[in-house]
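**Q** Take a look at the following structure, please.
Each value in this text was obtained by applying a stated rule to the coordinates, not by laboratory testing. Note that the structure is predicted; figures quoted are calculated from it, not measured. Counting neighbours? That spans all protein chains shown, and the Cβs are built from the backbone with ideal geometry, glycine included.
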């Protein structure tokens, strides 16, 4: 029994099967399929038994020292109320939706079986920390452009800039280069003033240039650089070691002469 639940391949296989069952359950025709629901309940009990066995073997202190074990425990405990749906008629309310969300979160357990996932998560954490300043600046720039654009174009294009929230979303859409050309064209379509058309295109071109190209591009560059820092450090160590060996070889050759 202990070997069963400490077999990583078996647990991975169970997670994958559970993913297939959850995938099938989200088809409208299969929502209430008793066989699929029974399999889903079985996997909840299986993973619960896994938690119980590991805690009994490793002891609580050692078990919860592992972040992945903490995550597994939280997800499984959150999934247990789903079993109540097998015995009680729970209306389709927010509570039931939350229970279904925990069913989906169980699929995240697959991440723990990805090779070097700890290194990936560390890189992701560094990338998020390094990107906070840039993301904050982008948010402020988005808000600034949203207010300015709402002031000048709220009446001309209310579907895009009718209020600050709609304007904020439209500017963010342009930052991502989605519809960056359609929005200015919709504004200038019925404009009879060439000067207004030119100023509108110049303004929105500036929005795209600052937010979409420079802003988003800078955020992506910082994010990717931090994510690949481990690889760069490993390469630097190899280069330093090679440089050291070359110096030692030169010293030996010089000594021989």
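**Q** Sorting 180, 68, 35 on the 10 Å Cβ count, fewest up front, what's the list?
**A** Ascending Cβ contact count within 10 Å gives the list 35, 68, 180.
**Q** Between residue 173 and residue 27, how high is the FRET efficiency from 1/(1 + (r/R0)^6) when r is the Cβ-Cβ distance and R₀ = 30 Å? Nearest 0.05.
**A** For R0 = 30 Å, the calculated efficiency reads 0.40.
**Q** Would you list 176, 200, 254 from fewest to most Cβ contacts within 10 Å?
**A** Least crowded to most crowded, the residues run 254, 176, 200.
**Q** Using the 10 angstrom Cβ neighbour count as an exposure proxy, how do 56, 170 rank, fewest first?
**A** Lowest count first: 56, 170.
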